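Student: Here it is: the structure, laid out below.
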Amino acid sequence: MKLKWIALMMVILLASTISAHPRKGHMLYFSLPILVNGVQVPAGIYSVSLETHDSTALVTISKDGKFVAGSKGNWVKQGEKFADNAVLLRVNSDGSRSLVELRLSGTKETIVFTDPVINVDSLKSAHPKSSDD
């Protein structure tokens, strides 16, 4: 009975480690500084590694083996495989650029990032003050 319990625990432990799928690193070139999850990443060549959990991807950007930035995104299926690595950037009102989407060569999916930073000034102009304010 004790042996069955130990075997069951080993299967559960093995299954929990299999659910996280690390993927090989990709090299990306940022031709200009970008914001990743609020962190300024200077222009340059970076290693991007992924850890996936179902439809979620944890993305880590590093340079020379040192962590630079990281973010959480969602996998979104696309029609055809991408031939090259590419990034989709959003130009912010202050002129900075934020990482919105990551396209990796050889995949039919993109990683779409949600923006954790809300621009309060744009919300104020979008919602004029009411007489109650």
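Coordinate-derived values only; no laboratory data. Note that the structure is predicted; figures quoted are calculated from it, not measured. As a convention, Cβ positions derive from the backbone with ideal geometry for all residues, glycine included, and neighbour counts pool all protein chains shown.
Student: When the convex hull of the Cα atoms of the stretch 23-115 is projected onto a plane and the area is averaged over all directions, what value comes out in nm²?
Tutor: 5.8
Student: Starting with the highest mean, order 49-60, 85-96 by the number of other Cβ atoms within 10 Å, averaged over the residues of each peptide.
Tutor: Packing order, densest peptide first, comes out as 49-60, 85-96.
Student: Still on this model: Once the Cα atoms of the stretch 48-99 are picked out, what are the Rg and Dmax in Å?
Tutor: 13.3, 35
Student: Also, I was wondering about something else. Mind listing the long-range amide H neighbours of LEU35? Cut-off is under 5 Å, sequence gap 5 or more, other chains count too, H placed in the peptide plane at 1.01 Å from N.
Tutor: Amide H neighbours of LEU35, under 5 Å, 5+ apart: VAL41, ARG97, SER98, LEU99.
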